[in-house]
Amino acid sequence: MPLRVNTNIPSVNVRRILNINNRDLSTRIERLSSGLRINRAADDAAGLSVSEGMRGEVSGLSQAVKNAEQATNLIQTAEGALNEVNAILIRMRELAVQSSSSTINNSNRESLNAEYTQLINEIDRIGTVTSYNNQVLLTGFGNTVSTDPGVSTSLASPTTGVVATQVSGATAATYRFIDTGSDNEITLGNGVATQTISLGPALDADGAASSGVVATGSSIIANFDRIGVQLTLAGSRNAEGINPATDGYRDGDLDGLDLVVDSGTGGQFQVGPRDGAVHRIEINISDMRASGVVLNLGSTTVADQPTAQTSISTLDLAIQSVAQQRGDLGAFQNRLAFNVRANENAIENITASESSIRDADIAKEVSAFTRSQILVQSGAALLAQANVLPQNALSLLG
């Protein structure tokens, strides 16, 4: 190797390697102090991009869990109020049954009707004041069925037998019935989702087999569960308010008629980390006031025997409607509970994946730190030796 004075190549070489080891030592110190393998994009550009996406998803899932828990609280608020409404309706039915008997006179019935009227007012009051975070829940929450007979034509005729409608997650749309006579089936669809259900065998007023006719004084539930629409079809009965069913339902009565679901306020819970319908759960709570379209108790009375007797069937439908609504809310609560567990499981696994990309392996980093520290110390010592080499030229001048 030539002996040079102006340029000390061994020193330059040692200094270059020493700088490399110094930078590596600094990186190891940074990773050990932060606990992260990736502290800047330059550390791992692809890994940073992937891990940031995972961090965003975990953050969204964590908020979705909170949303689901708060949605459960909202539902429990509504269901708790409906529990009291149910108790009131049972008491009202008791008064109606009492007033229907000839063992009491009209003077007694006036006293019964005074309590009955107060109970109707209390149901209306509960429906009006039940709220969550200043959102009233029992006057119609989420998508609801349009009760305008000019829009929902299936509610226009007194012969269709539709006395109550409920939606539970149905999207806002116009739904049309296909109801062929004599097959005991009804199809309901909106052009995107369609479902056919069987009504099963039905009985007429005499108890004999009668294809597709709901028995007088009774009702059946047509539950289009995949669509989220539920109908109560009544047999022949007196028309009351918005519950016309003078002839009751017969197979084929709904053919070609429409049921319109309007988009209401509230009722959407974001329980997933992204946009899209699959990341939301929609609930619907009907107007559950006594004067509302579901219970329809405003015109009922127990002031005289005939009206008291008629009120019994109306109260039966009201009790059934409240029970259905509470059942829907309970199903939503269970669904939210499963959603919380699924999201928490996803958070755990995605966090583990993000950690494997982003976090430092401390054992590995300590080993690398020790190696870099030794190389820096040895490099510093060798640099001192390399800087002495040009002094050998002085021996040639002696």
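Taking into account only those residues within region 43-72 that are over 30 Å from Gly267 (Cα atoms) and not acidic (Asp, Glu), which is surrounded by the most Cβ atoms within 10 Å (Cβ to Cβ)?
Within region 43-72, the match that is surrounded by the most Cβ atoms within 10 Å (Cβ to Cβ) is Ser51.
In region 324-362, which residues are open to solvent by 50 Å² or more (accessible area, probe 1.4 Å), touching a residue at least 24 places away in the same chain (Cβ under 8 Å) and closer than 19 Å to Gln70 by Cα?
Once the filter is applied, which keeps residues that are open to solvent by 50 Å² or more (accessible area, probe 1.4 Å), touching a residue at least 24 places away in the same chain (Cβ under 8 Å) and closer than 19 Å to Gln70 by Cα, region 324-362 yields Arg326, Ala331, Arg335, Glu344.
Out of all the residues in region 290-323, which are over 19 Å from Gln230 (Cα atoms) and open to solvent by 40 Å² or more (accessible area, probe 1.4 Å)?
Matches in region 290-323: Ser291, Gly298, Ser299, Asp304, Gln305, Pro306, Thr307, Gln309, Thr310, Ser313.
Those residues that are touching a residue at least 12 places away in the same chain (Cβ under 8 Å) and charged (D, E, K, R), I need them from region 363-398; list them, please.
Glu365, the sole residue that qualifies.
To keep it simple, each residue is scored yes or no on (1) touching a helix residue (DSSP H, G or I) at 6+ places or on another chain (Cβ under 6 Å); (2) of a type in the set (Gly, Ala, Ser); (3) farther than 30 Å from Pro306 by Cα.
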{"residue": "Gly35", "(1), (2), (3)": "no, yes, yes"}
{"residue": "Ala46", "(1), (2), (3)": "no, yes, yes"}
{"residue": "Gly53", "(1), (2), (3)": "no, yes, yes"}
{"residue": "Leu82", "(1), (2), (3)": "yes, no, no"}
{"residue": "Ser100", "(1), (2), (3)": "yes, yes, no"}
{"residue": "Thr103", "(1), (2), (3)": "no, no, no"}
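Please verify whether region 268-290 includes one or more residues that are in contact with an Asp or Glu (Cβ under 7 Å, 6 or more places away or on another chain) and under 30 Å from Val58 (Cβ atoms).
Checked region 268-290: at least one residue is in contact with an Asp or Glu (Cβ under 7 Å, 6 or more places away or on another chain) and under 30 Å from Val58 (Cβ atoms).
Which of the residues belonging to region 276-289 are open to solvent by 30 Å² or more (accessible area, probe 1.4 Å) and either touching a Lys or Arg at 6+ places or on another chain (Cβ under 7 Å) or hydrophobic (A, V, I, L, M, F, W, C) (or both)?
Listed by number, the residues that qualify are Ala277, Val278.
Kindly provide the set of residues from region 355-371 that are not small (Gly, Ala, Ser) and not in a helix (DSSP H, G or I), ordered by number.
Asp359, Asp361
I'm trying to understand the selection: among the residues of region 343-353, which are over 13 Å from the mean Cα position of the chain (by Cα) and under 16 Å from Pro273 (Cα atoms)?
Within region 343-353, Glu344, Asn345, Ala346, Ile347, Glu348, Asn349, Ile350, Thr351 meet the criteria.
Any residue in region 283-308 that is without any contact (Cβ under 8 Å) to a residue 24 or more places away in the chain and at negative phi sitting within a Cβ distance under 9 Å of a residue that is open to solvent by 30 Å² or more (accessible area, probe 1.4 Å) and not aromatic (Phe, Trp, Tyr)? List the pairs, counting only those 6 or more apart or interchain.
Within 9 Å, the pairs are Thr307/Thr301.
The values are calculated or read from the model by the stated rules, or taken from the named source; none is laboratory data. This structure is a prediction, so every number in the text was calculated from the model and none was measured. Neighbour counts are summed over all protein chains in view; Cβ atoms, including those assigned to glycine, are modelled from backbone coordinates with ideal geometry. All accessible areas refer to the heavy atoms of the entire protein, side chains included, with ligands and DNA or RNA removed. Shrake-Rupley method; radii C 1.70, N 1.55, O 1.52, S 1.80 Å.
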